[in-house]
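One structure below.
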Amino acid sequence: MVSTKMFHLNAVMSRLFLEESSDEGINFNSIRNVDDFWKFAEGPLLDGLSWDKWYGNVTSDLQENRSHIYYENLLLGVAQVRQLKVHNKTCSSYPRFQNFTKDCYPSYRYNAEDKSDFGLKNGSEWKYTSATSLSPWYWGEVGFYRSGGFIFTLLKSKEKSREKLEFLRKNGWLTRGTRVVFIDFSTYNANLNLFCIIRLVVEFPATGGVLTSSRIYSVKLLRYVSFYDYFLASCEIAFCVFIITFIIQELIEIKNLKMEYFKSVWNWLDLLLVAVSILAIGFNIYRTMAVFLLMENLLSPENVYPDFYFLAFWQILHDNMIAICVFFAFMKIFKFVNFNKTMTQLSSTLSRCASNICGFAVMFFIIFFAYAVFGYLVFGPHVEDFSTFPNCIFSQFRILLGDFNFLTIEVNRILGPLYFISFVFFVFFILVNMFLAIINDTYTEVKADFAEIPCQEIHIKDLVRQSCNKTLVKLRLKKPEVEDLQSKEFSSTERKDISKPSKRNSGNEKKSRLRKGRKHHLRIPPDNTEPGAASQSSVSRAEFQQLLGYTAELEEELNNVNAKLNRIMKSMQQMKEFSGMTDK
């Protein structure tokens, strides 16, 4: 889903449209007012979109009337520009100041949006256009903006586009009610088979001035083109088969265990992985169908803006969902490495100190949020790192890691140093070290408990060797060993069959098996053994069944010996009685 090529393509487009300056030194990041916006639109924006020259300043004869940005990225259709506005006099102001301020344009809100025609009222740029329900909203720096608005598109010709922009500038297309302007266009790189969807956002907040931001997405919408892509398709099909099998397995386990199933954290993790995987599969199918159905309609008109943004937006969400799925799948590895002594100690440490950490977390976050509120109230209006409450939380975590500029909070010469010194002392020197002490003490206790348990650690190499031997035996590439046959015989025998051994076994076989049974040092843990110790001294099911077999055979041998002793005693009694009668 992600490759280094996507990063390089995003970096190239970012340098071209965000950092390239006009003759007056204006680029996208340096826009500060409405005049700067028009200078950027008529200069660097049109220069970046219109590449009508080939190498050596030769006019391109390859696909005439099309722009190849950096010679390699085909501009799809044309660029689109749209704005959102708010109504006048929809904000609250103090009554005594209403005579001095006749106009009042609030920050962008859905219920304050202005959808009425304005200006010349003779084109789409002067009339409101609604958007489809699939179009996502945009989360900007100071607002959450919906789709739709007052829209116009640029033309293929660079000169005609500049004339249109000059016409809109002179007729006041941007007004005091304008709160945001979006510039959207898409490119396709055939060398990499990547779509690059670019959105440049210019916000005009109620405070005045301009805030700029951008979204550049490089996505692979045409998934199956090369042989490697078809190999990935086969892997996706295999993944779907495994997920279906896993779902059936989990349903059977839920049916057998019922409510006990939901008491395990690992089972909840399995359900989360299944849910995320199903969502990923569903979106993958939807995305593939949507691209094939919309591609022809989006690309056929050359003077229309092809809306790939909503596909790129959902593709990014899909990639994020896959990242979460892969993260939790890797976390499941801890479930399968607990047979290792070191991993068992770590997991036992975390589980044993969980209650202490929860109690500590309550105290830690009370103090942490108290400092965050203090920083927001004191430094919020002056320092960017404390301008919002989430920024205060992130800044305090940066202080704990040593990544902080102390000079920024010296705007308050008294409370600034007091805040910093007290926060470092109480949170860093006391609370953080208390957290480490809890984990360290618990680990020491767990390690001491494990030191009293006999080492019965299973090595990964032994598991791999046993698995390989079983595979070779099944493929008839290796003869089964005697121990494997005996373990297979005992593991396949049910408990009720073992408790009643067959009488056809000869005495020699029983004696030999008893001698082998005595050589095994199987140990069943007592009831009061801790979970960590039980995992080290417990036996497997096959070994337990084998032990039951040895016990049943020993019981039968003792019964036979007892019967023989009884017969000898009876014979001796009869001989004694017979000798007494002879004496008489």
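The values are calculated or read from the model by the stated rules, or taken from the named source; none is laboratory data. Just so we're clear, the structure is a prediction, and the values are computed from it rather than from any experiment. Cβ placement follows ideal geometry from the backbone for every residue including glycine, while neighbour counts extend to all protein chains displayed. Note: areas computed on protein heavy atoms with side chains; ligands, DNA, RNA excluded. Shrake-Rupley method; radii C 1.70, N 1.55, O 1.52, S 1.80 Å.
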What are the residue pairs meeting all of these: first residue in the stretch 2-15, first residue touching a residue at least 60 places away in the same chain (Cβ under 8 Å), second residue among the aliphatic types (A, V, I, L, M) and open to solvent by 40 Å² or more (accessible area, probe 1.4 Å), Cβ atoms under 9 Å, and 6 or more apart or on different chains? Val2/Ala323; Lys5/Leu192; Met6/Leu192; Leu9/Leu192
Condition check for Gly140: buried (at least 17 other Cβ atoms within 10 Å of the Cβ) and either under 25 Å from Phe310 (Cα atoms) or among the acidic types (Asp, Glu) (or both): yes
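Table: residues versus (1) at pLDDT below 90; (2) in a loop (DSSP other than H, G, I, E, B); (3) open to solvent by 40 Å² or more (accessible area, probe 1.4 Å).
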| residue | (1), (2), (3) |
| --- | --- |
| Leu18 | no, no, no |
| Ser21 | yes, yes, yes |
| Glu24 | yes, yes, yes |
| Asp36 | no, no, no |
| Lys39 | no, no, yes |
| Ala79 | no, no, no |
| Arg82 | no, no, no |
| Asn88 | yes, yes, yes |
Scanning the stretch 147-168 residue by residue, the ones that are among the charged types (D, E, K, R) and within 20 Å of Asp307 (Cα to Cα) total 1
Considering residues of the stretch 1-16 that are part of a helix (DSSP H, G or I) and open to solvent by less than 90 Å² (accessible area, probe 1.4 Å) only, the residue nearest to Glu203 (Cα to Cα): Ser14
Listed residues Tyr55, Tyr71; which is over 41 Å from the mean Cα position of the chain (by Cα) and at pLDDT below 90? Tyr55
When you check Thr245 against the structure, is it of a type in the set (Ser, Thr, Tyr) and open to solvent by 60 Å² or more (accessible area, probe 1.4 Å), yes or no? yes
Anything in the stretch 397-431 that is modelled with pLDDT of 90 or more, over 19 Å from Gly380 (Cα atoms) and open to solvent by less than 60 Å² (accessible area, probe 1.4 Å)? List them, or say none. Val424, Val427, Leu431
Does the stretch 174-188 contain at least one residue that is outside any strand (DSSP E or B) and either free of Cβ contacts under 8 Å to residues at least 60 places away in the same chain or under 36 Å from the mean Cα position of the chain (by Cα) (or both)? no
